[in-house]
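Visitor: Take a look at this one; I'll ask things after.
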């Protein structure tokens with residue numbers, strides 16, 4: 001079969017278009033399909049427009065579309081186009097939706113597609129293709145939702161994959177425009193041992209921290225990634241979730257001299273900074289930037305979000321990474337029930353005072369599948385179900401201690417205040433060129449964001465009355 005797999009793009013403002021890092025599900029599935037003799041191709045809409053390849057895609061025998069919540073409208077639009085083309089050409093190309101959003105809202109997905117693959121979908125899609133090709137029974141395919149005799153059927157959930165080494169390497173060369181990738185993705189693990197109530201990772205991949213063997217990761221780097229580029233992003237939700245395993249991998253990288261051949265980045269929690277051996281290995285293997293979920297400097301907010309960390313630990317984390325010349329990208333979340341405009345201003349001042357290199361001020365976004373979404377929906381505090389706005393740039397829920405208008409404006413102001421002209425000029429004057437360029441880019445995001453979000457801010461203006469605490 002000729003199979004096209006598409007990663008839909010967010011439908012609204014996204015300031016990070018220059019930092020496209022494809023999710024790995026589709027190139028892994030493509031590699032599995034190719035191994036069974038199918039002709040599989042991946043299209044990442046943020047990397048190269050799907051419409052540029054539409055003629056080729058329209059000739060497929062099956063089309064799969066992966067979506068997260070802010071890209072759901074785009075995914076549904078693509079599915080409608082495919083169905084329209086089916087009617088015009090009198091063909092019946094099955095459309096399959098997958099990814100976190102439809103995994104939690106499969107009935108919604110089935111309004112636009114023939115099948116929904118829930119959860120970890122590699123084997124589900126492979127079994128579906130086998131069944132469609134051979135006329136087999138769909139009822140035994142775990143993790144599959146579909147219509148049968150006019151009724152929606154949800155097959156039992158598929159257990160999480162325990163042996164990650166059994167899954168093939170993601171074949172990025174099957175991706176149209178892969179040569180444009182500036183940062184090559186690789187994963188060492190799935191799942192997260194933490195339980196933050198705003199995060200859909202645990203709902204999707206579980207709390208059990210499952211890890212690939214270090215030998216497999218090294219082989220993927222050397223055989224698949226280094227021939228394509230020298231900048232690698234470990235896309236794990238928590239690279240150091242199992243510190244001993246992470247240190248073992250870095251020791252192998254150091255022994256094989258990979259630190260001289262590449263530079264790399266990843267995501268960790270503040271707790272990684274407690275392990276100095278881990279930090280030294282990160283430095284020795286040329287980790288140049290770390291992404292840390294700092295979330296808040298308000299202890300009550302941290303408690304509300306189930307973030308088991310303190311402000312002192314945040315300060316220590318920044319200090320320890322800087323001590324080794326590793327840049328810190330601090331990811332903050334604004335808009336919890338213990339936040340107000342004063343606490344947001346204090347967060348900006350904290351980030352500047354502590355010398356955090358770059359920041360991301362995300363508005364709390366209640367994603368389907370999270371406890372945050374469930375509680376806000378139950379309390380009737382969701383402003384909209386326009387999924388294109390669920391992107392951390394738009395306020396979509398009613399906060400407890402400020403209006404949505406105040407939250408939206410405070411978040412926009414936070415970007416502007418941190419990414420001021422002096423912030424990047426001073427970095428350049430200290431010869432911190434990478435930080436200077438990143439802050440300059442952050443300034444562009446802040447300016448563009450104000451333009452893009454101005455209409456939305458006006459839409460929220462009637463809601464600017466201060467709610468009662």
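The values are calculated or read from the model by the stated rules, or taken from the named source; none is laboratory data. Predicted model, so just to flag it, every value in this text is computed and none were measured. Methodologically, a virtual Cβ is constructed for each residue, glycine included, from the backbone with ideal geometry; neighbour enumeration extends over all protein chains shown.
Visitor: Which of the helices (runs of 4 or more DSSP H) contained wholly in the stretch 358-469 include at least 3 residues that are within 24 Å of the chain's Cα centre (by Cα) and surrounded by 14 or more Cβ atoms within 10 Å (Cβ to Cβ)?
Guide: Those helices (runs of 4 or more DSSP H) span 371-378, 404-418, 433-460.
Visitor: Restricting attention to the stretch 52-80, which residues are surrounded by 15 or more Cβ atoms within 10 Å (Cβ to Cβ) and more than 21 Å from residue 33 (Cβ to Cβ)?
Guide: Scanning the stretch 52-80 gives 68, 69, 70, 71, 72, 73, 74, 76.
Visitor: Restricting to the stretch 255-270, and then to whatever is buried (at least 16 other Cβ atoms within 10 Å of the Cβ) and without any contact (Cβ under 8 Å) to a residue 60 or more places away in the chain, can you tell me which residue is farthest from residue 28 (Cα to Cα)?
Guide: So, considering only residues that are buried (at least 16 other Cβ atoms within 10 Å of the Cβ) and without any contact (Cβ under 8 Å) to a residue 60 or more places away in the chain, the one farthest from residue 28 (Cα to Cα) is 270.
Visitor: Right, here's the next one. What residue, among those in the stretch 9-30 that are touching a helix residue (DSSP H, G or I) at 6+ places or on another chain (Cβ under 6 Å) and either at pLDDT below 95 or outside any helix (DSSP H, G or I) (or both), is surrounded by the most Cβ atoms within 10 Å (Cβ to Cβ)?
Guide: Among them, the one singled out is 10.
Visitor: Of everything in the stretch 131-156, what is under 17 Å from residue 63 (Cβ atoms) and over 25 Å from the mean Cα position of the chain (by Cα)? Give them in sequence order.
Guide: Within the stretch 131-156, 131, 132, 133, 146 qualify.
Visitor: While we're looking at this one, here's another question. What do you reckon, is residue 65 assigned to a loop (DSSP other than H, G, I, E, B), at pLDDT 90 or above, closer than 29 Å to residue 393 by Cβ and not assigned by TED's automatic domain parsing to the domain that holds residue 190?
Guide: No, not satisfied.
Visitor: Does the stretch 327-336 contain any residue that is surrounded by fewer than 19 Cβ atoms within 10 Å (Cβ to Cβ), assigned to a helix (DSSP H, G or I) and either touching a residue at least 40 places away in the same chain (Cβ under 8 Å) or not assigned by TED's automatic domain parsing to the domain that holds residue 450 (or both)? Explain how you work it out, then say what you get.
Guide: Kept after step one, since they are surrounded by fewer than 19 Cβ atoms within 10 Å (Cβ to Cβ), are these residues of the stretch 327-336: 329, 331.
Pick out the ones that are also assigned to a helix (DSSP H, G or I) and you get none.
No, that holds for no residue.
Visitor: Being without any contact (Cβ under 8 Å) to a residue 12 or more places away in the chain, farther than 17 Å from residue 36 by Cβ, surrounded by fewer than 20 Cβ atoms within 10 Å (Cβ to Cβ) and outside the structural domain of residue 235 (by TED's automatic domain parsing) narrows it down to one of 150, 177, 134, so name that one.
Guide: 150
Okay, residues lined up against (1) in contact with a helix residue (DSSP H, G or I) (Cβ under 7 Å, 6 or more places away or on another chain); (2) under 26 Å from residue 307 (Cα atoms); (3) in contact (Cβ under 8 Å) with a residue 24 or more places away in the chain:
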{"residue": "359", "(1), (2), (3)": "yes, yes, yes"}
{"residue": "368", "(1), (2), (3)": "yes, yes, yes"}
{"residue": "389", "(1), (2), (3)": "no, yes, yes"}
{"residue": "396", "(1), (2), (3)": "yes, yes, yes"}
{"residue": "424", "(1), (2), (3)": "yes, no, no"}
{"residue": "438", "(1), (2), (3)": "no, no, yes"}
{"residue": "441", "(1), (2), (3)": "no, no, yes"}
{"residue": "454", "(1), (2), (3)": "no, no, no"}
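Visitor: Quick check on residue 124: is it modelled with pLDDT of 95 or more, assigned to a helix (DSSP H, G or I) and not assigned by TED's automatic domain parsing to the domain that holds residue 84?
Guide: no
Visitor: Residues in the stretch 202-223: is at least one crowded, with 18+ Cβ neighbours inside 10 Å, modelled with pLDDT under 85, closer than 30 Å to residue 368 by Cα and touching a helix residue (DSSP H, G or I) at 6+ places or on another chain (Cβ under 6 Å)?
Guide: For the stretch 202-223, residues crowded, with 18+ Cβ neighbours inside 10 Å, modelled with pLDDT under 85, closer than 30 Å to residue 368 by Cα and touching a helix residue (DSSP H, G or I) at 6+ places or on another chain (Cβ under 6 Å): present.
Visitor: Kindly establish whether residue 302 is part of a helix (DSSP H, G or I), closer than 26 Å to residue 202 by Cα and modelled with pLDDT of 95 or more.
Guide: In short, no.
Visitor: Suppose the filter is in contact with a strand residue (DSSP E or B) (Cβ under 8 Å, 6 or more places away or on another chain) and surrounded by fewer than 16 Cβ atoms within 10 Å (Cβ to Cβ); does residue 229 pass it?
Guide: Values: in contact with a strand residue (DSSP E or B) (Cβ under 8 Å, 6 or more places away or on another chain): yes; surrounded by fewer than 16 Cβ atoms within 10 Å (Cβ to Cβ): yes.
In short, yes.
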